1. I need the full set of residues from the range A:152-190 which are within 11 Å of DNA strand D (Cβ to nearest atom), of a type in the set (D, E, K, R) and surrounded by fewer than 16 Cβ atoms within 10 Å (Cβ to Cβ), in order please.
2. Among the listed residues B:Asp41, B:Asp64, B:Asp18, identify the single one that is of a type in the set (Asp, Glu) and in contact (Cβ under 8 Å) with a residue 12 or more places away in the chain.
3. Criterion first (among the hydroxyl-bearing types (Ser, Thr, Tyr), within 12 Å of DNA strand D (Cβ to nearest atom) and over 18 Å from A:Leu100 (Cα atoms)) does A:Ser193 satisfy it?
4. Restricting to the range B:63-110, name every residue that is farther than 17 Å from B:Ser138 by Cα, within 16 Å of DNA strand C (Cβ to nearest atom) and not acidic (Asp, Glu).
5. May I ask you to list pairs of residues, at least six apart or on different chains, whose Cβ atoms are under 6 Å apart, with the first in the range A:141-156 being of a type outside the set (Ser, Thr, Tyr) and the second being more than 11 Å from DNA strand D (Cβ to nearest atom)?
6. Out of the range B:79-115, which residues are in a helix (DSSP H, G or I) and among the aliphatic types (A, V, I, L, M)?
7. When you go through A:Asp102, A:Asp111, A:Asp83, A:Asp159 one by one, which is the residue that is within 12 Å of another protein chain (Cβ to nearest Cβ) and either modelled with pLDDT of 95 or more or within 30 Å of A:Asn12 (Cβ to Cβ) (or both)?
There are 2 protein chains.
Amino acid sequence: MKEYHQLLANINRYVTLDQEEEKRLTSIIRTTRIRRRQFIDQPGYVSSYRNYVAKGAFRSFLVDSEGKEHTVQIAVEDWFVSDFYSYITQTPATLFVEALEDSVILQMEYDDIEGLCSQMHKLSEYFRITTERAFAFSRKRTLSNLSKTAEERYLELLDRYPNIVNRVPQKIIASYLGFSPEFMSKIRKRLVSKS
Amino acid sequence: MKEYHQLLANINRYVTLDQEEEKRLTSIIRTTRIRRRQFIDQPGYVSSYRNYVAKGAFRSFLVDSEGKEHTVQIAVEDWFVSDFYSYITQTPATLFVEALEDSVILQMEYDDIEGLCSQMHKLSEYFRITTERAFAFSRKRTLSNLSKTAEERYLELLDRYPNIVNRVPQKIIASYLGFSPEFMSKIRKRLVSKS
DNA sequence: CGCGACGTTGATTTGCCTCAACGATTGTGG
DNA sequence: CCACAATCGTTGAGGCAAATCAACGTCGCG
């Protein structure tokens, strides 16, 4: 399967698996096709899988008590996506995880990953290192939210992920950055008239 | 050293090190006493250590272009603290990390940790699992910041860390939760008059 | 073709900030 | 050990960034 190679290539950026190890890993992987607008996690259900995006795009979001949506994560190719809190604690999710495009994901069950990590040092290292990076990045986002204005956060996103803006509706970007779609529209107008 | 035992006890909640392994780990640990108001990380300097708080309290914070402080993390006993982004990437820090009380920390150098993790499966597992939890928690905080009002975030903190409020000045709590000290004072007044 | 989601724009509102002034508490040097 | 300074928390007045509400054009899709 060429989807496996994508994930294996990613893993080999951090550690070097031998054939035997690759086999053990791929044996726990399930390749799944997901249609646009389909949910892979929803509130009330435990997030069972670590999902690697081989193709497509997803977002995870919360619907608050007033019915408003707040986007926690936007994930494209080569990222993992889930209600991570639910996955780690194996308790019911609070988030939706929804496909933004027709997608292909590689799914690995929590117990299988934990089992393999406890046996395979290199796999443990892979997840340790990548999670450390994700965590560091998450801290950076917290910092942006605390210290920057809406316009600055938007420009920061444009700078880091220029292509995302073309793939993802503006209202979702807005809910990711923490402001209303109407205000996003006003920011864009302001920026256009500046340049 | 009894400080070692504290960390080893923490590690043994997740994995079981044998004597040999404990020895290798403690051999890279440096115990350091830090005085109140002393900095262990500052902007411009690479964050060299993973710092385990054995006793005391710390915070990491950013000083923005207008001179305002934004608290990223508050850490007490049993937590690790640093400019984590700087530590992971081994690039110059942007944050200050400051002792809020006279403290004792266990310091481990980046290269030593990486070296040990690459050899010791169990240590790798310890950091993998704890970082995954920290990451899940960080996501939760991002979500709170996106979806809750100032008052709700304050109540959430009170609920989770009732003791922190007595150890840490209110202005620091405010800058952690993302609002001004004056506004915090008004929230508290409102809450008192309600009960 | 027609409906529903998306983006835009303007008017109004609001949650939180800023600034300033004042006690209370803490820390510090003489 | 006291005195004075510095820092902290409180309170009120005024202001601003972003939200809300509503109306309208546009586009994609069934």
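The values are calculated or read from the model by the stated rules, or taken from the named source; none is laboratory data. Just so it is clear, the structure is predicted and the values come from calculations on it, not from any experiment. Because the Cβ atoms are built from the backbone with ideal geometry, glycine has one as well, and the counts that use them run over all protein chains shown.
1. Filtering the range A:152-190 for residues within 11 Å of DNA strand D (Cβ to nearest atom) gives A:152-154, A:169, A:174-175, A:177-187, A:190.
Now drop any that are not of a type in the set (D, E, K, R), which leaves A:152-153, A:182, A:186, A:190.
Those that are within 11 Å of DNA strand D (Cβ to nearest atom), of a type in the set (D, E, K, R) and surrounded by fewer than 16 Cβ atoms within 10 Å (Cβ to Cβ): A:Glu152, A:Glu182, A:Lys186, A:Arg190.
2. Values: B:Asp64 fails: in contact (Cβ under 8 Å) with a residue 12 or more places away in the chain; B:Asp18 fails: in contact (Cβ under 8 Å) with a residue 12 or more places away in the chain.
B:Asp41 is the lone residue from the list that is of a type in the set (Asp, Glu) and in contact (Cβ under 8 Å) with a residue 12 or more places away in the chain.
3. Details: among the hydroxyl-bearing types (Ser, Thr, Tyr): yes; within 12 Å of DNA strand D (Cβ to nearest atom): no; over 18 Å from A:Leu100 (Cα atoms): yes.
So A:Ser193 fails the test.
4. B:Val63, B:Ser65, B:Gly67, B:Lys68, B:Ala99, B:Leu100, B:Ser103
5. Close Cβ pairs (under 6 Å, with a partner that is more than 11 Å from DNA strand D (Cβ to nearest atom)) amount to A:Leu143/B:Leu62; A:Leu143/B:Val72; A:Asn145/B:Asn145; A:Leu146/B:His70; A:Leu146/B:Gly178; A:Arg153/A:Ser144.
6. Within the range B:79-115, B:Ile88, B:Ile113 qualify.
7. So the residue among A:Asp102, A:Asp111, A:Asp83, A:Asp159 that is within 12 Å of another protein chain (Cβ to nearest Cβ) and either modelled with pLDDT of 95 or more or within 30 Å of A:Asn12 (Cβ to Cβ) (or both) is A:Asp83.
For (1) charged (D, E, K, R); (2) more than 9 Å from every other protein chain (Cβ to nearest Cβ); (3) more than 11 Å from the chain's Cα centre (by Cα), each residue gets a yes or a no:
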{"position": "A:Gln42", "(1), (2), (3)": "no, yes, yes"}
{"position": "A:Tyr49", "(1), (2), (3)": "no, yes, yes"}
{"position": "A:Ala57", "(1), (2), (3)": "no, yes, no"}
{"position": "A:Gln73", "(1), (2), (3)": "no, no, no"}
